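> If you scroll down you'll find the structure; I have some questions about it.
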Amino acid sequence: MGFLDFIGVSFSERPKTVDNFDVDRFMVDHRVLYATLTPKDKNAHNPMECYTKDVSGTIHLTYKFNEESFDGPEKVMRGKAWPTDISSFWKLQFVWPFKADYLVTYQSDDKNLTVVTVPSKDYVWLMSKNGYEKELEVKKALNWLTVNGYPMDDVKKLPRNDMVYI
């Protein structure tokens, strides 16, 4: 995957995003369960993505995790996002002036489990709003990724000590 793919310049068809995505309901903390990691978070433990929206509609994203162990130092990255005319398709910015396409491509029926990706499908984040998740729902989401052509070799289950699978 090249830099152009990561920032959203893709020469392939953009994956389909979630219909009727409720941005306001998404504005909570999400535990990242599985992900394609970058060099900055390759040793992440208990990663969280925290979303808030201000009055202008700008979404503020805080990505935080413990480095190398559950009691390791906390690392924090902050970004901003702007939904496009499609609520499940955002422009995300961690470093100015670059904006990446951020796509919500899957949600469980109860809206607690979400998959976010980039157009190239090379980066995936599978997240849960709860401190518990149904194992069957997680397997269903992982299967959905496989069936829809996402390269799963680099998608890893992330170390968590704050999650219960039921």
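> Report yes if ASN130 is part of a strand (DSSP E or B), over 12 Å from the mean Cα position of the chain (by Cα) and surrounded by 15 or more Cβ atoms within 10 Å (Cβ to Cβ), otherwise no.
Considered against the rule, which asks whether it is part of a strand (DSSP E or B), over 12 Å from the mean Cα position of the chain (by Cα) and surrounded by 15 or more Cβ atoms within 10 Å (Cβ to Cβ), ASN130 comes out as no.
> Going through the stretch 135-166 one residue at a time, which ones are among the small types (Gly, Ala, Ser) and not in a helix (DSSP H, G or I)?
Answer for the stretch 135-166, where residues must be among the small types (Gly, Ala, Ser) and not in a helix (DSSP H, G or I): just GLY149.
> Is it fair to say THR117 is of a type in the set (S, T, N, Q) and under 13 Å from the mean Cα position of the chain (by Cα)?
yes
> Name the single residue that is nearest to the chain's Cα centre (by Cα) among those in the stretch 49-60 being hydrophobic (A, V, I, L, M, F, W, C) and surrounded by fewer than 18 Cβ atoms within 10 Å (Cβ to Cβ). Break it down stepwise before answering.
Residues of the stretch 49-60 that are hydrophobic (A, V, I, L, M, F, W, C), as a first pass: 50, 55, 59.
Then drop every residue that is not surrounded by fewer than 18 Cβ atoms within 10 Å (Cβ to Cβ), which leaves 50, 55.
Working: CYS50: 10, VAL55: 23 Å.
Result: CYS50.
> Test TYR132 against the stated conditions and say whether it is without any contact (Cβ under 8 Å) to a residue 40 or more places away in the chain, within 19 Å of VAL28 (Cα to Cα) and among the aromatic types (Phe, Trp, Tyr).
The answer is yes for TYR132.
> Looking at ASP162, ASP122, ASP71, ASP154, can you tell me which residue is modelled with pLDDT of 95 or more, within 21 Å of LYS42 (Cα to Cα) and out of contact with any Phe, Trp or Tyr (no Cβ under 6 Å at 6 or more places or on another chain)?
Details: ASP162 fails: modelled with pLDDT of 95 or more; ASP122 fails: modelled with pLDDT of 95 or more; ASP154 fails: modelled with pLDDT of 95 or more.
Answer to the check: ASP71.
> Kindly provide the set of residues from the stretch 73-91 that are assigned to a loop (DSSP other than H, G, I, E, B) and either touching an Asp or Glu at 6+ places or on another chain (Cβ under 6 Å) or touching a residue at least 12 places away in the same chain (Cβ under 8 Å) (or both), ordered by number.
The answer is PRO73, ILE86, SER87, SER88.
> Just give me the residues in the stretch 92-118 being part of a loop (DSSP other than H, G, I, E, B), surrounded by fewer than 22 Cβ atoms within 10 Å (Cβ to Cβ) and not acidic (Asp, Glu), in sequence order.
Once the filter is applied, which keeps residues that are part of a loop (DSSP other than H, G, I, E, B), surrounded by fewer than 22 Cβ atoms within 10 Å (Cβ to Cβ) and not acidic (Asp, Glu), the stretch 92-118 yields PHE94, VAL95, TRP96, PRO97, PHE98, LYS99, SER108, LYS111, ASN112.
The values are calculated or read from the model by the stated rules, or taken from the named source; none is laboratory data. Bear in mind that the values here come from a model prediction, so they are computed numbers and not experimental data. All Cβ positions, glycine included, derive from the backbone under ideal geometry; neighbour counts span all protein chains shown.
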